[in-house]
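Chemist: Would you mind keeping the following structure in view while I ask a few things?
The values are calculated or read from the model by the stated rules, or taken from the named source; none is laboratory data. Remember, it's a predicted structure, so these values are computed and weren't measured experimentally. With ideal geometry, Cβ positions are generated from the backbone for all residues, glycine too; neighbour counts draw on all protein chains shown. These area figures cover heavy atoms from the full protein model, side chains too; ligands, DNA and RNA do not enter into them. Shrake-Rupley method; radii C 1.70, N 1.55, O 1.52, S 1.80 Å.
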Amino acid sequence: MKPQQAYLRFILLSVAIVVLGVWLASLGDRIASVTGLGESFISTLLLAATTSLPEAVAGLAAIRLNALGFGSF
């Protein structure tokens, strides 16, 4: 990949992360107002879900690949 393509991809994905982060915060506010739960509770729940997602995907991929070994200790 050429450096210009890498820079462009980096910039586009950075903008996407910012836009989706703002959207997620807005969504959290709406969920909190509809459910009557606190904004901090919904924020904590969404933060936990989004930070746990990569680990869950890696675990599911390992299961699909039948790579359940934990190595030699």
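Chemist: For region 8-56, which positions are surrounded by 10 or more Cβ atoms within 10 Å (Cβ to Cβ) and among the acidic types (Asp, Glu)?
Modeler: Within region 8-56, ASP29, GLU39 meet the criteria.
Chemist: With respect to the numbered conditions (1) loosely packed, with under 10 Cβ neighbours inside 10 Å; (2) modelled with pLDDT under 90, which one is the sole condition not fulfilled by GLN5?
Modeler: That leaves (2) as the condition not met.
Chemist: While we're here: Working only within region 57-73, note down all residues that are open to solvent by 80 Å² or more (accessible area, probe 1.4 Å) and in a helix (DSSP H, G or I).
Modeler: Correct list: VAL57, LEU60, ILE63, ARG64.
Chemist: Any residue in region 51-62 that is more than 18 Å from the chain's Cα centre (by Cα) and without any contact (Cβ under 8 Å) to a residue 12 or more places away in the chain?
Modeler: Yes.
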